[in-house]
Amino acid sequence: MSQNLQSVRGMNDILPAEAEFWELFEEAVSDRLKSYGYKPIRMPIVEPTPLFKRAIGEVTDIVEKEMYSFEDSLNGEQLTLRPEGTAGCVRAVIQHGLANQVAQRLYYMGPMFRHERPQKGRYRQFHQIGVEAFGFAGPDVDAEQILMIARLWGDLGLDDIRLQLNSLGQPEERARHRADLIAYLEGFQEILDEEAKRRLYTNPLRILDTKNPALQDMCAGAPKLIDYLGEASLAHFNGVQQILKDAGIPFEINPRLVRGLDYYNLTVFEWVTDKLGAQGTVCAGGRYDGLVQQLGGKATPACGFAMGVERLIALIRDSGGEPAPKGTDVYVVHQGETAARLAFRVAEGLRDNGIDVILHCGGGSFKSQMKKADASGALFAVVIGDDEAAAGEVQLKALRDEGVAQQRLKAENLAEVIIDQLLDTQEEEA
């Protein structure tokens with residue numbers, strides 16, 4: 001007996017009813033991003049492994065433990081399923097010289113991959129929407145992206161999402177803080193957990209982001225990076241805050257907000273909620289001015305963020321904000337050989353007029369077909385038998401409004417009548 005094949009654990013199918021909601025969500029997000037001048041870009045899901053090692057950092061959890069990497073059997077090249085989108089986007093910008101032409105506002109959406117224990121809102125194949133801006137050095141774009149996200153929450157009907165801000169300063173400022181932080185943490189060797197001990201000399205800043213309750217008091221007393229910022233870094237951070245204050249966007253400064261990737265500098269931010277348990281971050285990002293040059297391009301200031309699609313969809317559903325998928329306009333019911341030929345012509349004629357149509361296929365009685373028409377969510381059923389077909393006529397039945405009488409009309413007049421009734425329906429809903 002052959003074994004039933006199942007999807008890989010943590011890599012989930014998105015079935016039609018769910019996928020319709022995803023499309024509505026993605027359309028709402030892309031509409032908002034485009035309204036701020038961002039344009040779509042699409043990158044491969046497989047990239048050279050060295051790209052992520054150089055961009056993300058050799059001693060990050062992603063590179064050390066979470067990447068799906070393999071050797072290409074054709075040429076021995078080391079390849080990786082992308083664990084995040086920024087590195088690939090920067091690679092594309094460098095490879096095609098985009099930032100050399102003009103400042104760029106870009107966005108992308110699609111699957112990412114990390115080898116970790118699946119849990120609610122966190123999967124081995126997960127989906128992100130990423131936004132990147134290249135060529136803007138000031139705090140205005142940092143703040144603009146945050147304002148854009150705040151508007152998006154309104155578009156999606158989401159509230160109770162809090163904004164946290166911090167500044168990581170510049171590399172030389174972080175180096176001074178890092179030395180003092182290591183010296184401070186060395187005084188707590190007896191309480192450091194294994195994860196903290198592993199990070200102590202490689203990535204001590206990440207220790208401050210620990211969720212271990214036993215380390216919270218120690219972290220609260222640690223040297224704060226914001227106290228090491230120079231005049232220019234402070235001015236940039238204050239500039240971001242001022243724009244947000246002027247726009248009425250509430251925020252809190254979280255000095256322990258560090259992000260998990262090495263490439264960030266200056267502004268970092270997260271939007272967090274208490275409604276998703278431990279996985280409370282739904283959107284995060286910041287500035288990464290050194291990454292383009294680090295990956296071989298010209299020095300280019302950059303800022304961006306990523307949103308977790310699964311987490312945001314879970315949040316929308318928890319808040320009762322899931323929209324109903326749009327039903328089709330017309331379902332064409334037919335029986336008989338002559339009726340079937342007319343049904344095809346009628347369906348294509350309606351589509352020529354911009355009307356969404358499902359043409360029944362597979363035969364069946366009028367009764368069974370009408371059940372399927374009703375279940376489809378269609379607003380109208382067009383019914384064609386051989387008698388109607390012989391006369392070049394159809395029956396039009398409203399499925400959602402019992403007050404509209406069924407009518408028989410010439411096939412060539414059908415599109416005009418349906419369009420008029422659709423417009424009447426839209427006006428009533430407005």
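The values are calculated or read from the model by the stated rules, or taken from the named source; none is laboratory data. Here the structure is a predicted model, which means the values were calculated and not measured. When we count neighbours, we look across all protein chains shown, and the Cβ atoms used for this are built from the backbone with ideal geometry, even at glycine.
Summary table below
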{"read-out": "Among the candidates Ala87, Ala133, residue that is touching a Lys or Arg at 6+ places or on another chain (Cβ under 6 Å) and closer than 18 Å to Thr300 by Cα", "value": "Ala133"}
{"read-out": "Filter result (touching a residue at least 12 places away in the same chain (Cβ under 8 Å) and of a type in the set (Lys, Arg)) within segment 1-56", "value": "Arg9, Arg32, Lys39, Arg42, Arg54"}
{"read-out": "Positions within segment 1-39 being modelled with pLDDT of 90 or more, under 16 Å from Pro111 (Cβ atoms) and either assigned to a strand (DSSP E or B) or among the acidic types (Asp, Glu) (or both), in sequence order", "value": "Asp13, Glu23, Glu26"}
{"read-out": "Meets criteria (assigned by TED's automatic domain parsing to the domain that holds Glu144, crowded, with 18+ Cβ neighbours inside 10 Å and of a type in the set (A, V, I, L, M, F, W, C)) for Ile41", "value": "yes"}
{"read-out": "Selection count, segment 378-388, where residues are in contact with a strand residue (DSSP E or B) (Cβ under 8 Å, 6 or more places away or on another chain) and more than 16 Å from Val330 (Cβ to Cβ)", "value": "1"}
{"read-out": "Some residue of segment 154-165 being part of a strand (DSSP E or B), modelled with pLDDT of 90 or more and in contact with a Ser or Thr (Cβ under 8 Å, 6 or more places away or on another chain)", "value": "yes"}
{"read-out": "Leading residue by the ranking (nearest to Phe251 (Cα to Cα)) among those in segment 156-175 that are among the charged types (D, E, K, R) and surrounded by 14 or more Cβ atoms within 10 Å (Cβ to Cβ)", "value": "Arg162"}
{"read-out": "Residue check, Ile146 within 14 Å of Phe251 (Cα to Cα), buried (at least 18 other Cβ atoms within 10 Å of the Cβ) and either out of contact with any Lys or Arg (no Cβ under 9 Å at 6 or more places or on another chain) or not polar (S, T, N, Q) (or both)", "value": "yes"}
{"read-out": "Residues of segment 291-324 satisfying the condition of being among the small types (Gly, Ala, Ser), at pLDDT below 90 and out of contact with any Lys or Arg (no Cβ under 8 Å at 6 or more places or on another chain)", "value": "Gly320, Gly321, Ala324"}
{"read-out": "Tally, over segment 41-81, of residues that are farther than 19 Å from Tyr123 by Cα, of a type in the set (A, V, I, L, M) and part of a strand (DSSP E or B)", "value": "1"}
{"read-out": "Condition met for Arg122 (under 17 Å from Val282 (Cα atoms) and at pLDDT below 90)", "value": "yes"}
{"read-out": "Those residues of segment 175-191 which are over 35 Å from the mean Cα position of the chain (by Cα) and among the small types (Gly, Ala, Ser), in sequence order", "value": "Ala179, Ala183, Gly187"}
{"read-out": "Yes/no for Ala143 being at pLDDT 90 or above and either aromatic (Phe, Trp, Tyr) or assigned to a loop (DSSP other than H, G, I, E, B) (or both)", "value": "no"}
{"read-out": "Exclusive hit being touching a Leu at 6+ places or on another chain (Cβ under 8 Å), closer than 19 Å to Ala339 by Cα and modelled with pLDDT of 90 or more, set Ala411, Ala390", "value": "Ala411"}
{"read-out": "Segment 192-221 - residue that is loosely packed, with under 12 Cβ neighbours inside 10 Å, over 33 Å from the mean Cα position of the chain (by Cα) and not small (Gly, Ala, Ser) and, of those, nearest to Thr281 (Cα to Cα)", "value": "Asp217"}
{"read-out": "Selected residue [outside any loop (DSSP other than H, G, I, E, B), under 30 Å from Glu18 (Cβ atoms) and under 28 Å from the mean Cα position of the chain (by Cα)] from Val240, Val292, Val282", "value": "Val282"}
{"read-out": "Yes/no for Gln242 being closer than 30 Å to Tyr38 by Cα and surrounded by 21 or more Cβ atoms within 10 Å (Cβ to Cβ)", "value": "no"}
{"read-out": "Qualifying residue in segment 99-108 (condition: farther than 23 Å from Gly290 by Cα and crowded, with 21+ Cβ neighbours inside 10 Å)", "value": "no"}
